[in-house]
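Peer 1: There's a structure below that I have some questions on.
The values are calculated or read from the model by the stated rules, or taken from the named source; none is laboratory data. Because the structure is predicted, anything quoted here is derived from the model rather than measured. Note: ideal-geometry Cβ built from the backbone for every residue, glycine included; neighbour counts use all protein chains shown.
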Amino acid sequence: MSILLELQVGGARRVRRGIDHYWAVIQKIGADGNYFTVTDIVDLSDVNERRVVSDFTQRLVKGGYIKCIGERPTGGKPAALYKLISPQDETPALTRDGSPGRQGRGQQQMWNVIRKGIAFTPSELAIQASTDEVKVSVNSAKRYAQALDAAGYLSVRDPGGPGRQRTYRIKPAMNTGPRPPAILQMKAVWDQNRNEIVGRVLAEEEPS
C-alpha cells in the first residue's frame, strides 16, 4: 500500500550543507583576499562532512576558482590554506578534474527558457533548453513543467489531447528571478498509528 500525503509547509530552515552552502561560505570568508581552510568551512556547516568539503575544494582548485597558497600550522597535521581566486554568484558544478559538470544545469536551462514568457510544450522546452554540453530530455521537461504548474508558476494555454501535448506559459507574477525553482525530494517518517510525522522533515533537490 502506498501513502500519499499533502503537507502544509509553514516554514523551513535551510540546512547548512551541500555545495551551494560550502561555496557561499567560501565566498564570505574568502572575501577581500582572506585565507581559509577546510576546517573553517566545516565549522560553519551543520554536519561534519570534512571528506565532502575536501573533495569540493580540490575540484575548485583544479577548476581555478580557489588556490592553495600554503599551510596553516595546527596542533596536529598542518592544514592546507586556500585563497578565493574567481568569485561568482552561481555555484561551480565541477567534475573531479575541475572541468565543468552537468549536475543541476538542466533545470537552470529550462528555467531560462520558461522565463522568456513564450508558450511551450514539453517537447519544445526540451529542444530549446538543450545545449551541446547538456541535453534535456522530453521526460525531464514534462516533469519540470508539471511540477511548476502544480506549484502555481505556470498557466495552461492548451490542455492538450490525443497526440497533442499540453501547452504552458509562465505567469508574469511568478517570474521570480534567475535561479530556477528547485524540485525537492522529501524525507520523513510517517507514523500510521498516530497519523503524524515524527522527527525532522528533510528535503533535498532532485537531480535534473
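Peer 1: Does at least one position in the range 121-138 carry a residue that is among the basic types (Lys, Arg), assigned to a loop (DSSP other than H, G, I, E, B) and more than 26 Å from ASP89 (Cα to Cα)?
Peer 2: Among the residues of the range 121-138, not one is among the basic types (Lys, Arg), assigned to a loop (DSSP other than H, G, I, E, B) and more than 26 Å from ASP89 (Cα to Cα), which makes the answer no.
Condition check ((1) touching a residue at least 12 places away in the same chain (Cβ under 8 Å); (2) in contact with a Phe, Trp or Tyr (Cβ under 6 Å, 6 or more places away or on another chain); (3) not assigned by TED's automatic domain parsing to the domain that holds ALA141) across all residues:
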{"residue": "ARG14", "(1), (2), (3)": "no, no, yes"}
{"residue": "PHE56", "(1), (2), (3)": "yes, yes, yes"}
{"residue": "LYS62", "(1), (2), (3)": "yes, no, yes"}
{"residue": "TYR65", "(1), (2), (3)": "yes, no, yes"}
{"residue": "ILE69", "(1), (2), (3)": "yes, no, yes"}
{"residue": "PRO73", "(1), (2), (3)": "no, no, yes"}
{"residue": "PRO78", "(1), (2), (3)": "no, no, yes"}
{"residue": "SER99", "(1), (2), (3)": "yes, no, yes"}
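Peer 1: What single numbered condition from (1) farther than 21 Å from GLN27 by Cβ; (2) touching a Ser or Thr at 6+ places or on another chain (Cβ under 9 Å); (3) part of a helix (DSSP H, G or I) fails to hold for GLN108?
Peer 2: Unmet for GLN108, out of (1) farther than 21 Å from GLN27 by Cβ; (2) touching a Ser or Thr at 6+ places or on another chain (Cβ under 9 Å); (3) part of a helix (DSSP H, G or I): (1).
Peer 1: Any residue that is out of contact with any Phe, Trp or Tyr (no Cβ under 9 Å at 6 or more places or on another chain) and farther than 27 Å from GLN8 by Cβ - is there at least one of those in the range 185-200?
Peer 2: Within the range 185-200 (the criterion being out of contact with any Phe, Trp or Tyr (no Cβ under 9 Å at 6 or more places or on another chain) and farther than 27 Å from GLN8 by Cβ), the answer is no, since none of the residues qualifies.
Peer 1: In addition: Determine the pairs where a residue that is free of Cβ contacts under 8 Å to residues at least 24 places away in the same chain, located within the range 28-48, has a partner that is of a type outside the set (Val, Ile, Thr) with Cβ atoms under 6 Å apart, the partner being 6 or more residues away or on another chain.
Peer 2: Listed by first residue and then by second, the contacts come to ILE29/PHE36; ILE29/ASP40; ILE41/TYR22; VAL42/ASN48; VAL42/ARG50.
Peer 1: How about the range 54-87: which of its residues are among the small types (Gly, Ala, Ser) and outside any loop (DSSP other than H, G, I, E, B)?
Peer 2: Once the filter is applied, which keeps residues that are among the small types (Gly, Ala, Ser) and outside any loop (DSSP other than H, G, I, E, B), the range 54-87 yields SER54, GLY63, GLY70, ALA79, ALA80.
Peer 1: Against the condition part of a loop (DSSP other than H, G, I, E, B), exposed (fewer than 10 other Cβ atoms within 10 Å of the Cβ) and not small (Gly, Ala, Ser), how does ARG13 come out, does it pass?
Peer 2: Criteria met by ARG13.
Peer 1: Let me ask something additional. Does GLU205 qualify as being surrounded by fewer than 13 Cβ atoms within 10 Å (Cβ to Cβ) and either free of Cβ contacts under 8 Å to residues at least 40 places away in the same chain or of a type in the set (D, E, K, R) (or both)?
Peer 2: Against the criterion (surrounded by fewer than 13 Cβ atoms within 10 Å (Cβ to Cβ) and either free of Cβ contacts under 8 Å to residues at least 40 places away in the same chain or of a type in the set (D, E, K, R) (or both)), GLU205 does not qualify.
Peer 1: Mind checking which pairs have a first residue in the range 129-148 that is without any contact (Cβ under 8 Å) to a residue 12 or more places away in the chain and a second that is of a type in the set (A, V, I, L, M, F, W, C), Cβ under 7 Å, 6 or more apart or different chains?
Peer 2: What qualifies is SER137/ALA126.
Peer 1: Would the range 88-95 turn up any residue that is surrounded by 14 or more Cβ atoms within 10 Å (Cβ to Cβ), without any contact (Cβ under 8 Å) to a residue 60 or more places away in the chain and assigned to a strand (DSSP E or B)?
Peer 2: Yes; the residues of the range 88-95 include at least one that is surrounded by 14 or more Cβ atoms within 10 Å (Cβ to Cβ), without any contact (Cβ under 8 Å) to a residue 60 or more places away in the chain and assigned to a strand (DSSP E or B).
Peer 1: For the range 23-53, how many residues meet the condition of being in a helix (DSSP H, G or I), farther than 13 Å from ALA80 by Cβ and charged (D, E, K, R)?
Peer 2: Residues meeting the conditions: 4.
Peer 1: Right, another one. Take the residues of the range 106-142 that are among the polar types (S, T, N, Q) and exposed (fewer than 15 other Cβ atoms within 10 Å of the Cβ): which is nearest to LEU154 (Cα to Cα)?
Peer 2: Checking each candidate, the answer is ASN112.
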